[in-house]
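The values are calculated or read from the model by the stated rules, or taken from the named source; none is laboratory data. Since this is a predicted model, take the numbers as computed values, not measurements. Here the Cβ positions follow ideal geometry from the backbone for every residue, glycine too, while neighbour counts run over all protein chains shown. These area figures cover heavy atoms from the full protein model, side chains too; ligands, DNA and RNA do not enter into them. Shrake-Rupley method; radii C 1.70, N 1.55, O 1.52, S 1.80 Å.
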Amino acid sequence: MSRHRRFAAGVVAVVFGVMLVHTITVSGGPSGVPGVTDDEIVLGMWAPFTGQLSPSGIASRDGLRVWAAELNAKGGIGGRRIRLVLYDDAASPPEAVAAVRRLLSQDRVFAMVCGSGGGRDLAAMDIIRESNVPFVSCITADKNLMAPFAPNVFRIYANEIFQSYELADYMAGRKGHKRIAILYNSLAFGLNGRDLMNARLKDKFNLQFVSAEGYNVGEQDFRSHILRISQANPDAIVVHAFAADAGIIVRQVRELGLLTPLYGGGAVPTPLLPQAAGTVAVGMVAPWVFPVFPESDAPPVRVYKQKLAQTLYTSGFPVGRPSLYDMTGYMAGTIVEEAIRRSGRNVTREGFMRGLETMLDFVPGNGLGFPVTFTRTDHEGTKKVVMARLNGRLQWELLTE
């Protein structure tokens, strides 16, 4: 599919619900602010809605759509309803860059929300920073998203630095492991996790990985990697991979007879892990950046599920939904809503960003996320990370130790 055809297929507007459109042209309202008129505020998003990584993009898009539909049904903000312009980048950095350019130059959105993922967002960051158009990130935890600091870029959950540090501290500090190995994917996600944890182990505990094995995304047989790791006689193994791959790795570790304690990176605590690994994954521990799990019956999750069902999935949820990306999309929407309210009747991008920077312990998504705080010099909304463990019911639970 050509780039322009993919764009046309990926554009969605939400006004009281969901409506497909082919072209969107947004001019400034009476105040000359792009994406703002007397009766609407236009927000833009790009993410993978097709391809291998589409579960993250579709779920975050749905979370944002649920929020927009809910808000619009109540009359919007000051009489202005939310309209979403969404582009499918198919997990391609060039497509993400093209989508961002189009959101800025053609659609002239008021602000951008969620984004796509590490490599795609990083490819577009120079354009985003130079535009000074607000961007509230809700998908990527990449450590480089906020470097260098930009006054228009905000993130709503703890990045991979804090996740990696928390995991390293748990393994070497709380559990006392001395010989830690890691198996990681070759994407920025895996490489950053490896480097951040290794640095933390060295600086705080005078340790380093006894073995570090990388693999390419798409591999299915990890036994040679695992056997090389086993030769280093580790007392803990970190599987820094996306959940589906991690499940296969965990199963193969146990099939080879290794009983070494297993830990996961921040992408592991989802139902995909036990689906792929089965009961051999029980006891695995990994960092988690939310106070609840999307598959739980916690009150904020229960309320979101009802809204998701009423808005988009009246006949039942797709497999694996809602997911953590549903939560981040909905959380991002509520943060955007609060910042717009704080900017007053005369909505401007500068006022919107000031509104974000006045947030102190704001609870996003009605409890789906940890409280966020933004200041003029710190746009990482939270550094809160907790540890999670897969229990005997094959459900993730927060550790309280």
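List of remarks:
- Selection of region 150-168 for residues being within 17 Å of residue 191 (Cβ to Cβ), buried (at least 23 other Cβ atoms within 10 Å of the Cβ) and not charged (D, E, K, R) yields 159, 163, 164, 167, 168.
- Subset tally (residues that are touching a Gly at 6+ places or on another chain (Cβ under 6 Å) and not hydrophobic (A, V, I, L, M, F, W, C)) for region 109-141: 3
Here's the yes/no breakdown for (1) modelled with pLDDT of 95 or more; (2) surrounded by fewer than 24 Cβ atoms within 10 Å (Cβ to Cβ):
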residue	(1), (2)
316	yes, yes
321	no, yes
328	yes, no
337	yes, yes
344	no, yes
349	yes, yes
356	yes, no
387	yes, yes
400	no, yes
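- Qualifying residues in region 205-223 (those that are open to solvent by 60 Å² or more (accessible area, probe 1.4 Å) and without any contact (Cβ under 8 Å) to a residue 12 or more places away in the chain) - the one nearest to residue 183 (Cα to Cα): 208
- Matching residues in region 358-385 - criterion: being open to solvent by 40 Å² or more (accessible area, probe 1.4 Å) and in a helix (DSSP H, G or I): 366
- Close pairs (6 angstrom Cβ cut-off, 6 or more residues apart or separate chains): without any contact (Cβ under 8 Å) to a residue 60 or more places away in the chain in region 340-351, open to solvent by 100 Å² or more (accessible area, probe 1.4 Å) and not in a loop (DSSP other than H, G, I, E, B) anywhere: none
- Out of 270, 279, one residue alone is in a helix (DSSP H, G or I), among the β-branched types (Val, Ile, Thr), open to solvent by 10 Å² or more (accessible area, probe 1.4 Å) and closer than 29 Å to residue 165 by Cα. It is 279.
- Residue satisfying all of: in region 73-113; hydroxyl-bearing (Ser, Thr, Tyr) and out of contact with any Phe, Trp or Tyr (no Cβ under 7 Å at 6 or more places or on another chain); farthest from residue 61 (Cα to Cα) among these: 105
- The conditions of being in contact with a Ser or Thr (Cβ under 8 Å, 6 or more places away or on another chain), surrounded by fewer than 24 Cβ atoms within 10 Å (Cβ to Cβ), modelled with pLDDT of 95 or more and under 20 Å from residue 34 (Cβ atoms) are met by residue 108.
- Qualifying positions in region 293-314 - open to solvent by 20 Å² or more (accessible area, probe 1.4 Å) and either aliphatic (A, V, I, L, M) or outside any helix (DSSP H, G or I) (or both): 295, 296, 297, 298, 303, 309, 312, 313, 314
- A count restricted to region 38-87 and to residues that are open to solvent by 10 Å² or more (accessible area, probe 1.4 Å), not in a helix (DSSP H, G or I) and not small (Gly, Ala, Ser) stands at 12.
- Single condition residue 252 does not satisfy, out of (1) surrounded by fewer than 15 Cβ atoms within 10 Å (Cβ to Cβ); (2) out of contact with any strand residue (DSSP E or B) (no Cβ under 9 Å at 6 or more places or on another chain); (3) not in a loop (DSSP other than H, G, I, E, B): (1)
- Taking the listed residues 147, 91, the one that is open to solvent by 20 Å² or more (accessible area, probe 1.4 Å), closer than 16 Å to residue 379 by Cα and at pLDDT below 95 is 147, with no other qualifying.
- The single condition among (1) of a type in the set (Ser, Thr, Tyr); (2) open to solvent by less than 10 Å² (accessible area, probe 1.4 Å); (3) touching a helix residue (DSSP H, G or I) at 6+ places or on another chain (Cβ under 6 Å) that residue 137 does not meet is (3).
- Taking first residues from region 134-162 that are in contact (Cβ under 8 Å) with a residue 60 or more places away in the chain and on the phi < 0 side of the Ramachandran plot and partners that are assigned to a strand (DSSP E or B) and open to solvent by 10 Å² or more (accessible area, probe 1.4 Å), the Cβ contacts under 6 Å between residues at least 6 apart in sequence or on separate chains come to 155/380.
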